[in-house]
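Notes follow once the structure below has been shown.
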Amino acid sequence: MGRKEFYATELLKEARRLLSALDRCPLSASSGCLDREYWGWATKDFANMDLQRGLLVLAYLYKKDFQGNIYHQETSLLEWIKNGLRFWSLNQYKSGAFNHLYVHENSWMAAAFTLCD
């Protein structure tokens, strides 16, 4: 097995776990959020925006056609990605920063990580 095949296999194995972290309900106020502790379990009062980096992986799965990729050009996946980007942008402070580990933190680290992706 070559390197590309290895990574494709591992990516597809983890795709379900990533999707389970995503709030996919279009009617939810947290629709598109990748922080399950926030939207699913309500164990904290804000979402860690750094976790929105997973949208890059979902976008890759949507865009790339490779063997076994059931997510390629899947319209529901595209909608979930759009919801994730919407959630991300709605939670950005006017300064450009985000909550990362603490509420009202104004973390530039979360901005740097997510903008890079």
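The values are calculated or read from the model by the stated rules, or taken from the named source; none is laboratory data. It should be emphasised that the depicted structure is a prediction, and the values quoted were computed from it without experimental measurement. Ligands, DNA and RNA are stripped out before the accessible areas are found, and what is left, the full protein with its side chains, is counted by its heavy atoms. Shrake-Rupley method; radii C 1.70, N 1.55, O 1.52, S 1.80 Å.
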Exercise. Within the chain, what is the number of lysine pairs with alpha carbons under 27 Å apart, leaving out pairs fewer than eight places apart on the same chain?
Worked result: 11
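Average projected area of the Cα convex hull of segment 67-117, in nm²? Numbers along the way, then the final one.
Details: hull surface 18.9 nm².
Taking the Cα atoms of segment 67-117, their convex hull projects to 4.7 nm² on average.
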For this session: Of the listed values [x] 20.2, 56; [y] 13.5, 40; [z] 14.9, 48, grab the one calculated as Rg and Dmax of the Cα atoms in Å from the structure here.
Result: [z]
For this session: Report the residue, chosen from 50, 65, 23, that carries the largest GNM mean-square fluctuation when the chain is represented by alpha-carbon nodes joined by springs under 10 Å.
Result: 65
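Measure off, as a whole percent, the carbon and sulfur share of the 1.4 Å-probe accessible area of segment 9-53, all protein chains present.
Values: 1320 of 2620 Å².
Answer for segment 9-53: carbon and sulfur cover 50 percent of the accessible area.
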Exercise. Which ³J(HN,Hα) values in Hz, rounded to whole numbers, follow from the phi angles of segment 101-117 under the Karplus curve 6.51 cos²θ - 1.76 cosθ + 1.60, where θ = phi - 60° and Gly and Pro get x?
Worked result: 10, 9, 5, 6, 6, 6, 7, 6, 5, 5, 5, 5, 4, 6, 5, 4, 6
Problem set entry | 222 nm mean residue ellipticity, helices alone, for the chain (DSSP H n ≥ 4; -39,500 (n - 2.57); rounded to 500) | -15000 deg cm²/dmol
